[in-house]
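J.: Here you go, one structure.
Rule-based calculations on the coordinates, nothing more; no lab input. From a predicted model like this one, the values you see are computed outputs, not experimental measurements. Glycine gets a Cβ as well: all are built from the backbone with ideal geometry, and neighbour counts include every protein chain shown.
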Amino acid sequence: FLHYSAEDGYYKTSPFDPVTVPKVPLHEYVWRDFKKWERRTAAVCVITDRQYTFAQMRDASAAFAVRLQTKFKLHKPDVLAICLPNLPEFPIATLGAIEAGLTVTTVNPVYTPDEIARQLTFSGAKFLVGTVSGFPTLKKACQLLGRQIPIAVIRTSAEESLPEGAIDFSEVISTQNVRYEDLVTPKDATAEDMVFLPFSSGTTGLPKGVMLSHNNITSNCEQVQASLPLDLLGPQDTLPGVLPFFHIYGLTVVMLSKLGQGCRLATMPSFKPDDFMRSLDKYQGSILNLVPPIALFMINHPKMTQETARHLKVVMSGAAPIGQHDVERFLHKFPKTVFKQGYGMTEASPVVLLTPEGNKNYASTGVLPGSTEAKIVPLDGSDAKGVGPRTTGELCVRGPQVMAGYLNNEEANQVTFYPGNWLRSGDVAFYDEDGLFYITDRMKELIKVKGFQVPPAELEAVLRDHPKILEAAVFGIPHELNGEAPRAIVVLREGEKASAEEISAYVAERVAHYKKLEGGVIFVDEVPKNPTGKILRRELKEKFSD
Ligand code: 4UV
């Protein structure tokens, strides 16, 4: 599977058969077989036991689509923002908006009003879906935005009443008095239209809108499904919905791909040990996508036993590196499960590498899925040609799952793609003679905390706003449980004094909790920079990591 061309240098192709790009809108793709299991449960909340069958979910999302068009006058190319924890209604909101022809931008529900307002501004969202408890934050975000957006809220229990000014989500998804025939498909709708607009910082800078088309996502669903044997996955299976659906890993790989295959989602709004264990035990979780900190939880928590995980067949870890030693510890405790890894990025819908069947090489993150090509480019970027096996460099990929680009950001698109549509991952990797890939390092500035993106540029901007701070730089240091933790080096203005606690608290007030400066604050006289003023992050890491 190794090829050479004068243009691309050495590049790898997938050991799998090419996938057929579905060429249908995403909601049609997800509902393609739903009649086969329409009476079964599609999603259940492990806290309230609130649930929807496939038929109920299908009808509710279609009703939502009709009302978005007729009542709220939303049409392609309008953007709808979903700011929800994992609830059974998440797929209803998503698939309904898509059926109405809209683009969905998914917002992290733990964001601060500032962070939400920024995403609403960049995406131009015209409608918001949230929860009763999240409503005050969403309202504050809209105030910052200076523009009114209708906000529909989900009531997660009977005790929650509708806040003033909010729209009742249960009313807009109600199947009573809906005229399904009123739904219009725009004449110019194609499977190349943008269906999702998640945000990612990519290789550098602030978060940017990632334009993903219906075909990007449906292709990736096909790629993921083809890599798992069919008898392994189907309507008999339950997936604990623990990875956040707002993040592309939870959205594509867990929520959409698995609903399309008739699996049941056992959703939980956040990771809480008891809820998580209930999803495996009472709700019989059989396939589990997780991030390394959850694997560590399963290894270390005394109540998490083989008995708790007795239904579990397959575990797939991704979004951050997991050590081979930890995989071995996991398999020692849960010998009956198959352990797989995946590697992906928002810009690739997300899956780029997957562990093949029968693999026992736990140092590797796997092989390329169908129709995907990859090459390794020397790190200095002097020549965008690929190198051969066992030589490290930047991993670059090409395939039907790769984004068209970042929204309204030609500059970022220029640096993110090499000629020939090769998406630069910003990760350091190599492949071996068997076509297995190994991620060895990250060259982009991104920090990953529990698999979540923490863009240093964002924290640096917050720090620079502090009246006592002249300059700041942020980088990641290793963290035993979370993978990494953000650490800041700070230059104070002349004559100013501040404590590390004061700076940390200032940041903590302004960002989502996982972005806090858990790695500490160090005061310095100067931030190391190159002659053009770019922060020298490698040097920072080497100098200030201990
Ligand atoms: O953009 P993002 O936040 O995207 C992700 C997606 C992870 C997925 C998706 C589908 C899977 O099936 C799966 O197993 C994992 O995280 O962040 C992208 C960056 O995260 C790092 C790497 O630096 C990416 O550029 N990353 C993601 N997966 C891995 C990883 C991994 N397995 N090992 C090491 N780093």
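J.: Once the dipole of the range 327-388 is set up with Lys and Arg at +1 and Asp and Glu at -1 on Cβ about the Cα centre, which of Gly358, Ile376, Met345 lies farthest towards its positive end?
T.: My answer, from the dipole projection, is Gly358.
J.: Also: Rounded, prolate or oblate, given the Cα gyration tensor of the chain, with a/c below 1.5 counting as rounded?
T.: rounded
J.: How big is the gap, in Å, between the Cα center of the range 180-224 and the Cα center of the range 455-514?
T.: So the separation of the two Cα centres works out to 34 Å.
J.: Sticking with this structure for a sec: Would you give the gap between the C-alpha center of the range 19-55 and the C-alpha center of the range 371-410, rounded to a whole Å?
T.: 34 Å
J.: Treat the count of other C-beta atoms within 10 Å as a stand-in for reagent exposure and order Val352, Val291 from fewest to most.
T.: Val291, Val352
J.: Follow-up. For the chain, give the share of DSSP beta bridges that are antiparallel, in percent and rounded to the nearest 5; count only bridges with both residues there. The partial results should precede the final answer.
T.: Values: 50 of 83 bridges.
Within the chain, antiparallel bridges account for around 60 percent of the total.
J.: Another one. In a shell of Cβ-Cβ distance under 12 Å around Gly393, excluding Gly393 itself, what net charge do Lys and Arg (+1) and Asp and Glu (-1) give?
T.: -1
J.: Restricting to DSSP H runs of at least four residues, report the calculated mean residue ellipticity at 222 nm for the chain, -39500 (n - 2.57) per run over all residues, nearest 500 deg cm²/dmol.
T.: The helix-only estimate for the chain comes to -7000 deg cm²/dmol at 222 nm.
J.: I would also like to ask the following. Could you put His214, His332, His3 in order, starting from the residue whose Cβ has the fewest other Cβ atoms within 10 Å? All intermediate terms of the calculation are to be shown ahead of the outcome.
T.: Details: His214 25, His332 9, His3 13.
Result, fewest neighbours first: His332, His3, His214.
J.: According to the square roots a ≥ b ≥ c of the eigenvalues of the Cα gyration tensor, what is the shape class of the range 152-294, taking rounded for a/c under 1.5, prolate for a/b larger than b/c otherwise, and oblate for the remainder? Working shown, then result.
T.: Working: a/c = 1.35, a/b = 1.07, b/c = 1.26.
Rounded, because the longest to shortest axis ratio a/c is under 1.5.
J.: Another one. Rounded, prolate or oblate: pick one for the range 1-108, where a ≥ b ≥ c are the square roots of the eigenvalues of its C-alpha gyration tensor, a/c under 1.5 means rounded, and failing that, prolate if a/b is larger than b/c, else oblate.
T.: Taking the square roots of the gyration eigenvalues as a ≥ b ≥ c, the range 1-108 is prolate.
J.: Over the range 442-546, what relative contact order in percent results from Cα pairs under 8 Å that are six or more residues apart?
T.: Here the relative contact order equals 25 percent.
J.: I would also like to ask the following. Quick one: which of Lys468/Lys515; Lys140/Lys515; Lys23/Lys340; Lys35/Lys208 span more than 27 angstrom between C-alpha atoms?
T.: Details: Lys468/Lys515 21 Å; Lys140/Lys515 20 Å; Lys23/Lys340 29 Å; Lys35/Lys208 38 Å.
From the list (Lys468/Lys515; Lys140/Lys515; Lys23/Lys340; Lys35/Lys208), the Cα-Cα distance tops 27 Å for Lys23/Lys340; Lys35/Lys208.
J.: Roughly how many Å is it from the Cα centre of the range 128-169 to that of the range 428-449, as a whole number?
T.: Distance between centres, Cα-based: 41 Å.
J.: Further question: For the range 1-134, give me the percentage of DSSP beta bridges that are antiparallel, rounded to the nearest 5 percent.
T.: 50 percent
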